[in-house]
1. With the condition kept exactly as written, say whether any residue in the range 48-55 is modelled with pLDDT of 85 or more, out of contact with any Asp or Glu (no Cβ under 8 Å at 6 or more places or on another chain) and in a strand (DSSP E or B).
2. Among the candidates Ile104, Ile111, which residue alone is closer than 22 Å to Thr221 by Cα and touching a Cys at 6+ places or on another chain (Cβ under 9 Å)?
3. Considering each residue of the range 70-87, count those that are under 20 Å from the mean Cα position of the chain (by Cα) and surrounded by 19 or more Cβ atoms within 10 Å (Cβ to Cβ), and give that number.
4. Any residue that is exposed (fewer than 15 other Cβ atoms within 10 Å of the Cβ), modelled with pLDDT of 95 or more and not in a strand (DSSP E or B) - is there at least one of those in the range 172-189?
5. Look through Leu5, Leu99, Leu21, Leu13 and report the one residue that is open to solvent by 50 Å² or more (accessible area, probe 1.4 Å), at pLDDT below 85 and closer than 30 Å to Arg147 by Cβ.
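The values are calculated or read from the model by the stated rules, or taken from the named source; none is laboratory data. These numbers come from a predicted model, not from an experiment. Quick reminder, even Gly has a Cβ in these numbers, built from the backbone with ideal geometry, and neighbours come from all protein chains shown. Remember, those area values only see protein heavy atoms, side chains included, never the ligands or the DNA or RNA. Shrake-Rupley method; radii C 1.70, N 1.55, O 1.52, S 1.80 Å.
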Amino acid sequence: MKQALLLVFVFFLSLIQPCALFSQWGIEAGASYNIMNGSFRAPCGCIFQSGNGIWNGKGIGFTGGIFYDILSASDFTFGVEPGFDLQAFTAYEVPSDPLSGDQINVQMRYITFGPYVRYKIHDSGLFFQVAPEADYLISNSYQHISRPTPDPAEDVDSSMGDLRAMRYAVRGSVGYKFALFGLDVAPMLTVDLPLNNIRPDVPLDPSTDIGIHGASSWHITSIYLSLAAFFKP
């Protein structure tokens, strides 16, 4: 029994021997393409939904963060990345005819945090990265444009109301690392898949829910194009 335990211990040591601690850190910044899914009621009482229209429920946002490569084992690297994420989109009450219904422009600002694991293809700059994320909503706002009128009326409210404070997601990335002017950089393409909705589901029947901030499977999927810069320890 003791010999078996000793063999297991030796085997465990052989696995962790290649591991090394790193203090390498870097920055990442880029733009996001935000895609709204589901439907929701805005504070104006109008119902907005994804679907028809090339720009309905779509928008451009921004992301940035500071990442820390903590541990490396063979071609795997483990680290953490705190950051900031701005999600924005425009939606129309009548997606098939935007000028005949109300328009809303929404922004949601999150502080993000996620541990990640990165796998580098051996002897190449190509890598893949996966990161579960927990995001905290620090502020949100919207702009409401009423139509149809000869001169569309605008009103701005400071908040969309009862949005969930926490957002959970999984990010999958592919990137290519190379040297540029003495610095290691990597363009990255990332897909962000949400694990919960922006607001709890509440029926959206306009005859019974006037004044209630309802929603149905309302969430945002994002595609990021970013650039990461690695600073050597």
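1. Yes, the conditions are met somewhere in the range 48-55.
2. On inspection, the qualifying residue turns out to be Ile104.
3. 5
4. no
5. None of the other options fit; the residue is Leu99.
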